[in-house]
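Okay, so here's the structure we're looking at.
The values are calculated or read from the model by the stated rules, or taken from the named source; none is laboratory data. Because the structure is predicted, anything quoted here is derived from the model rather than measured. Glycine also receives a Cβ, built like all others from the backbone with ideal geometry; neighbour counts cover every protein chain displayed.
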Amino acid sequence: MYPIDFFWRAAQRWPDRIAIETPNEFISYRVLAERVRAVAAGLMHCDPTPQSRVGICASNSAEHIVALLAVLACGKVWVPLNPKSTSTEIRRITDTIEASILLIEENYEALVTEERAQRIFIGTTGAGKTSVDDLIRTHIDAGTPKFSLDENATQAIKFTGGTTGIPKGVMQPYRAWMANIVNQIHAWSFDENDRYVMAAPITHGTSTYVLPILAQGGCHIIMDGVGASAVRDAFKYRGGTVCFMPPTLVYMLMGLEGVSRADFPQLKRLIYGGAPMPPEKIREVRKFFGPVLGTTYGQTEAPQILTVMRPEDFQDEANWAAVGQRTWYSDVAIMAPDGTLLPPGEVGEVVARGPLVMTGYWAMPEKTAETLVDGWLHTGDRGLFDERGYLYLRDRLKDMVITGGFNVYPIEVENALSQHPAVHESTVFGIPDDKWGESVNAAVQLRPGQKVSEAELTAFVRQLLGPVQTPKSIHFVNDLPRSPVGKVLKNTVRDMALAGQL
């Protein structure tokens, strides 16, 4: 059995139920299955090679879901391409994976500069361009694709930033997707009455909810627009019951003018992830929305749900600093530097093993060997378990900032800043932020005699890396604090920023 089989079985069981609701269309399971089969046949016609890589660069839409399911349905490897990224970063990814097919929303055609792969467009297209609709019309009578692959074969390659500036392609195998689907259904009790509001991008955390909802006969709601108002409207007028989003979006929902709990009449589960939520914010959210808050802990290397905090877990305030208990098929432990597993109450690195864990990084055997050791995934997070099995995170070993649910690696921002002729050296760090969880900050030491404004540097980085990795604040210093051997003391700079001394 493969992950896509959950969908095929649901389409057979509930053919007339609505699988996807857009602002303009209600798509039944029967119709969705027809479209998925047709696009899968079209992809196989373009490239019959099993396990070839297919990149998708698109915003949330019904066609995006069809394209994703079609890639899964024909034994190919899905590679999400973030449309909010830069053309340089997307090119690095497409060069790395050697994609044979690229599915691109026409709005983002300029972002994807790879010329060797076959292009298929999502949405309306101009003359001479092959579209998803073309594949559906041509192959509408296609049967269900058949393939035979091992459980360790790759289902998806998701890229996460690397400290070397080279993107790391996390190879998520079939077994990891199967474990995620089962864990999500078990954790949240999804059923045929659930209506999932697609607030976060399919290219990120939302992808881990696509099949669990469909497996149970639920419906995905494509929003009419983007932002907090569109999310509120999907709940208020279209009966949304569940959603996954970063904490910053939760706060934005509560901050909408005139908003109240009555605007979310069917809400049963509000799942946040990608960044921590401070206890005082948890109190505010629960007071506003009621006992519906939940969260998970995972990472791209062990997608989404190594541990889970259900709404009932949040009833006890003592649990608010935790990220939950272990999920099915997940062995999560705390390890000392010498490899010893530590007992409850002792702090060490969070490690994990089991079906949910990746097989490694694409074409990076040395990095894989550093991260997967004796079967254990080294997460780079430090934490502890209490006697009840709740995991509490303390800090990160890895030099990373989580802002608005996105991972930002300071070295990449520092490398971008260093390309400006006025910059001598910089250090990039995160500081707590009520809106973003953490905000990206930079301290910059200029070259002698050089001048540049904060606005100019911000625009420079934004052009190179995009908005997510652009510092919210840039602090200019005469000399960066250093160790006796000349290394910049990032923690000292961060402490100075927190104290308002920069």
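Filter region 24-60 for residues that are in a loop (DSSP other than H, G, I, E, B) and under 26 Å from the mean Cα position of the chain (by Cα); which is nearest to ALA110 (Cα to Cα)?
ALA58
For LEU102, are the conditions met, namely being farther than 17 Å from GLY42 by Cα and in contact with a Ser or Thr (Cβ under 8 Å, 6 or more places away or on another chain)?
no
Give the number of residues within region 105-122 that are in a loop (DSSP other than H, G, I, E, B) and surrounded by fewer than 23 Cβ atoms within 10 Å (Cβ to Cβ).
Within region 105-122, residues that are in a loop (DSSP other than H, G, I, E, B) and surrounded by fewer than 23 Cβ atoms within 10 Å (Cβ to Cβ) number 5.
Among the residues of region 418-460, which ones are in contact with a helix residue (DSSP H, G or I) (Cβ under 9 Å, 6 or more places away or on another chain) and within 21 Å of MET277 (Cβ to Cβ)?
Result: PHE429, GLY430, ILE431, PRO432, ASP433, ASP434, LYS435, TRP436, GLY437, VAL440, ASN441.
Name every residue in region 1-52 that is polar (S, T, N, Q) and either in contact (Cβ under 8 Å) with a residue 60 or more places away in the chain or outside the structural domain of THR130 (by TED's automatic domain parsing) (or both), in order of residue number.
Matches in region 1-52: THR22, GLN51.
Is it true that ILE140 is loosely packed, with under 14 Cβ neighbours inside 10 Å, among the aliphatic types (A, V, I, L, M), farther than 19 Å from ASN407 by Cα and in contact (Cβ under 8 Å) with a residue 40 or more places away in the chain?
yes
Return the residue satisfying two criteria in turn: it lies in region 152-169 and is at pLDDT 95 or above and surrounded by 15 or more Cβ atoms within 10 Å (Cβ to Cβ), and of such residues it is nearest to GLU412 (Cα to Cα).
In this case the residue turns out to be GLY169.
Conditions tested, residue by residue: (1) among the charged types (D, E, K, R); (2) part of a loop (DSSP other than H, G, I, E, B); (3) assigned by TED's automatic domain parsing to the domain that holds SER52.
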site	(1), (2), (3)
THR124	no, yes, yes
TRP177	no, no, yes
ASP191	yes, yes, yes
VAL210	no, no, yes
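Looking at region 371-414, which of its residues are of a type in the set (Gly, Ala, Ser) and in contact (Cβ under 8 Å) with a residue 40 or more places away in the chain?
Result: GLY383, GLY389, GLY404, GLY405.
Among the residues of region 194-238, write down those that are over 18 Å from VAL182 (Cα atoms) and polar (S, T, N, Q).
Scanning region 194-238 gives THR203, SER229.
Give the residue, chosen from LEU102, LEU69, that is assigned to a helix (DSSP H, G or I), in contact (Cβ under 8 Å) with a residue 24 or more places away in the chain and closer than 29 Å to TYR29 by Cβ.
Checking each option against the conditions leaves just LEU69.
Going through PRO355, PRO344 one at a time, which residue ends up being in the same structural domain as SER189 (by TED's automatic domain parsing), crowded, with 19+ Cβ neighbours inside 10 Å and either part of a strand (DSSP E or B) or not hydrophobic (A, V, I, L, M, F, W, C) (or both)?
Selected residue: PRO355, the only one of PRO355, PRO344 that is in the same structural domain as SER189 (by TED's automatic domain parsing), crowded, with 19+ Cβ neighbours inside 10 Å and either part of a strand (DSSP E or B) or not hydrophobic (A, V, I, L, M, F, W, C) (or both).
Please find, within region 261-305, the residue that is farthest from the chain's Cα centre (by Cα) out of those that are among the small types (Gly, Ala, Ser) and buried (at least 18 other Cβ atoms within 10 Å of the Cβ).
GLY294
Can you list the helices (runs of 4 or more DSSP H) lying wholly within region 226-296 that have 3 or more residues being basic (Lys, Arg) and over 28 Å from GLN325 (Cα atoms)?
The qualifying helices (runs of 4 or more DSSP H) are 228-238.
For GLY128, are the conditions met, namely being at pLDDT below 95, surrounded by fewer than 18 Cβ atoms within 10 Å (Cβ to Cβ), in a loop (DSSP other than H, G, I, E, B) and more than 19 Å from the chain's Cα centre (by Cα)?
Considered against the rule, which asks whether it is at pLDDT below 95, surrounded by fewer than 18 Cβ atoms within 10 Å (Cβ to Cβ), in a loop (DSSP other than H, G, I, E, B) and more than 19 Å from the chain's Cα centre (by Cα), GLY128 comes out as yes.
Name the single residue, out of those in region 233-260 being loosely packed, with under 15 Cβ neighbours inside 10 Å and more than 23 Å from ASP191 (Cα to Cα), that is modelled with the lowest pLDDT.
Within region 233-260, the match that is modelled with the lowest pLDDT is GLY255.
Restricting attention to region 314-341, which residues are assigned to a strand (DSSP E or B), surrounded by 14 or more Cβ atoms within 10 Å (Cβ to Cβ) and of a type outside the set (S, T, N, Q)?
ARG326, ASP331, VAL332, ALA333, ILE334, MET335
I need the full set of residues from region 221-263 which are acidic (Asp, Glu) and in contact (Cβ under 8 Å) with a residue 60 or more places away in the chain, in order please.
Scanning region 221-263 gives a single hit, ASP224.
Quick one: count up the residues across region 378-410 that are within 21 Å of PRO471 (Cα to Cα) and assigned to a loop (DSSP other than H, G, I, E, B).
So the answer is 6.
Please enumerate the residues belonging to region 326-379 that are over 30 Å from ARG92 (Cβ atoms) and among the aromatic types (Phe, Trp, Tyr).
Scanning region 326-379 gives TRP328, TYR329.
On the given criteria, is SER85 modelled with pLDDT of 95 or more, within 23 Å of the chain's Cα centre (by Cα) and assigned to a loop (DSSP other than H, G, I, E, B)?
No, not satisfied.
I want to confirm something. Restricting to region 212-225 and keeping residues that are under 19 Å from the mean Cα position of the chain (by Cα) and assigned to a loop (DSSP other than H, G, I, E, B), which single residue is surrounded by the fewest Cβ atoms within 10 Å (Cβ to Cβ)?
MET223
Testing HIS64 on (1) assigned to a loop (DSSP other than H, G, I, E, B); (2) over 15 Å from ILE157 (Cβ atoms), one condition comes back false. Which one is that?
Status for HIS64: all satisfied but (1).
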